[in-house]
Amino acid sequence: MKIEIYTKDNCIWCDRAKNLLNSVDLTYTEIDLSDDNERQKFYKKVGEGVSTVPQIYIEEKRIGGYPQLVTWFEENGY
Ligand SMILES: N[C@@H](CCC(=O)N[C@@H](CS)C(=O)NCC(=O)O)C(=O)O
């Protein structure tokens with residue numbers, strides 16, 4: 001399964017999302033948006049009022065942030 005997680009440094013919700021993925025041995029690619037300009041560009045590109053990290057993509061589909069990842073886990077039997 002292809003999982004990508006957009007993060008930045010010192011982001012507690014990013015750490016929680018990564019810990020959740022690690023807890024069930026799901027592997028992921030992390031894209032670090034610590035640079036403020038890069039992060040703002042990413043938010044603009046994603047649109048739909050997205051303004052926080054983490055942003056998690058599973059099989060190219062945007063799931064959302066940590067709460068949405070928890071919901072995805074529940075719905076997919078993890
Ligand atoms: N529960 C939310 C919390 C996300 C959140 O508040 N993230 C902070 C960093 S931990 C953030 O993105 N702040 C705005 C910014 O850094 O651009 C989620 O995971 O969707």
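When we screen Asp9, Asp25 for residues that are on the phi > 0 side of the Ramachandran plot and more than 8 Å from the ligand (Cβ to nearest atom), the only hit is Asp25.
Applying the set (1) closer than 27 Å to Gly77 by Cβ; (2) touching a Phe, Trp or Tyr at 6+ places or on another chain (Cβ under 6 Å) to Ser51 leaves exactly one unmet item: (1). All of Leu69, Leu33, Leu26 fail the test of being farther than 13 Å from Tyr6 by Cβ, in contact with a strand residue (DSSP E or B) (Cβ under 9 Å, 6 or more places away or on another chain) and of a type outside the set (Ser, Thr, Tyr), apart from Leu26.
Could you please give the count of residues in region 28-45 that are of a type in the set (Ser, Thr, Tyr) and within 12 Å of the ligand (Cβ to nearest atom)? The total comes to 2.
Return the residues of region 9-30 that are outside any helix (DSSP H, G or I) and closer than 18 Å to Glu59 by Cα; say none if nothing qualifies. Residues satisfying the conditions are Val24, Asp25, Leu26, Thr27, Tyr28, Thr29, Glu30.
Just so you know, all these numbers are worked out from the coordinates, no wet-lab data involved. Owing to the predicted nature of the structure, the values given are computational and were not obtained by experimental measurement. Note that we place each Cβ from the backbone using ideal geometry, even for glycine, and neighbour counts take in every protein chain shown.
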